[in-house]
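Derivation of every value follows stated rules applied to the coordinates shown; laboratory data play no part. Note that the structure is predicted; figures quoted are calculated from it, not measured. For neighbour counting, all protein chains shown are included, and Cβ atoms are generated from backbone atoms with ideal geometry for every residue, glycine included.
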Amino acid sequence: MAEWDVDFDRTEEGSTRVLAATGEIDLSAAPRFAQELTAVVADGSGTALIDLSGVTFIDSSGVRELLAANRQAEAMGMRLQLVNPSAACKRVLEISGVWDEFMVQKTQT
């Protein structure tokens, strides 16, 4: 992990780009999260997957960046999908009232 308590890993699987976040996404990590989300959605088509299974904490600043990336993807005709959100992520997204804004993919582990 980086000095910030959060790590991002970007990969591509064909036309699908994947961003896996691990750690805590809070106010101090939100700008980096925004950059990573923008990069995964930028110049894209198809689907961007945001793997949140390793996120132990997310606050409103992280939620805000997810919403912005979702809007950016929709404007570009892309799909942004959350993959295996951790219980902590799901809870914050539900409490924030934005859970239904996202497509969520759960994979078998």
Rounded to the nearest 5, the percent of antiparallel DSSP beta bridges in the chain equals 30
By the mean-Cβ-within-10 Å protection proxy, highest first, 55-68, 88-101 rank as 55-68, 88-101
If the chain between ILE95 and THR16 were fully extended at 0.36 nm per residue, the gain over the current Cα-Cα distance would be 25.5 nm
Note, segment 66-73: 3J(HN,Hα) by Karplus (6.51, -1.76, 1.60, θ = phi - 60°), whole Hz, Gly/Pro = x, goes 5, 5, 4, 5, 5, 5, 4, 4
So for the chain, using the alpha carbon gyration tensor with a ≥ b ≥ c as root eigenvalues (a/c under 1.5 gives rounded; past that, a/b versus b/c decides prolate or oblate), I'd call it rounded
Interchain or sequence-distant (5+) residues whose placed amide H lies within less than 5 Å of the amide H of GLY54 are ALA21
Under the helix-only model (-39500 (n - 2.57) for each DSSP H run of 4 or more, divided by the residues of the chain), the mean residue ellipticity at 222 nm, to 500 deg cm²/dmol, is -10500 deg cm²/dmol
Counting Lys and Arg as +1 and Asp and Glu as -1 over every other residue whose Cβ sits under 14 Å from the Cβ of VAL83, the net charge comes to +2
